[in-house]
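Data first, discussion second: the structure below is written as structure tokens.
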Amino acid sequence: MRVTADVLVALVAALHGYILVLEMFLWERRPGRELSGFDAALARATAPLAANQGLYNGFLAAGLVWGLVAGGSTGHQAQLFFLICVVVAGLYGGATANRRILVAQALPGALALGAVLLAG
């Protein structure tokens with residue numbers, strides 16, 4: 001179960017790394033605009049906000065990677081903390097911004113969280 005948990009945590013970390021790139025560097029380009037559904041003017045106007053969100057997603061990814069690298073009790077606790085952050089952010093985003101966030105962020109985070117808890 002530990003291997004499954006580690007793989008799921010790594011996938012969630014990679015997802016948040018990808019979101020960082022989309023929100024910080026590609027927001028005004030095609031991939032970012034397809035994600036947001038914004039036209040060029042709105043994407044340009046919201047780019048600073050998106051970059052800030054991207055930075056936070058990078059912190060989530062970094063925390064999950066730290067949890068994988070640290071191992072032991074410290075790594076386990078870091079994984080739990082950052083996965084709970086991912087799930088809470090996903091639930092909030094799904095409730096306030098776009099329901100797709102529930103499936104794209106909260107669900108993967110919850111699955112990884114469950115696996116980490118089972119792996120103990």
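Quick notes
- For the chain, modelled as a GNM whose springs connect Cα atoms under 10 angstrom apart, the maximal fluctuation among THR46, THR96, THR74 occurs at THR96.
- Rounded to the nearest Hz, the phi-derived 3J(HN,Hα) couplings of region 99-104 under the Karplus curve 6.51 cos²θ - 1.76 cosθ + 1.60 (θ = phi - 60°) are 4, 4, 5, 4, 7, 7, where x marks glycine and proline.
- Oblate is the label for region 44-120, because the ratio a/c of its alpha-carbon gyration tensor axes (a ≥ b ≥ c) is 1.5 or higher and a/b is not greater than b/c.
- Gain in span if fully extended, ALA14 to LEU91, counting 0.36 nm per residue against the direct Cα distance: 25.8 nm
- With a Förster radius of 41 Å applied to the beta-carbon distance between PHE59 and MET1, the computed FRET efficiency rounds to 0.95.
- Working note: 222 nm ellipticity from helices only, DSSP H runs with n ≥ 4, each -39,500 (n - 2.57), summed and divided by the residues of the chain, gives -28500 deg cm²/dmol to the nearest 500.
- Each of ARG33 and TRP66 was given a label point 7 Å from its Cα along the Cα-to-Cβ line. The distance between the two points is 3.7 nm.
- Here the accessible area is traced with a 1.4 Å probe on the protein chains. For the chain, carbon and sulfur cover 69 percent of it.
- Helical segments meeting 20 Å axial Cα length and Kyte-Doolittle 0.5 threshold in the chain (DSSP H): 2-25, 40-70, 72-96
- Loop trypsin sites (Lys or Arg not before Pro), region 1-39 (other Cβ atoms within 10 Å of the site Cβ: 12 or fewer; DSSP): ARG29
The values are calculated or read from the model by the stated rules, or taken from the named source; none is laboratory data. Only a predicted model underlies this, so the values are computations on that prediction, with no experimental measurement involved. All Cβ positions, glycine included, derive from the backbone under ideal geometry; neighbour counts span all protein chains shown. For accessibility, only protein heavy atoms count, side chains too; no ligands or nucleic acids. Shrake-Rupley method; radii C 1.70, N 1.55, O 1.52, S 1.80 Å.
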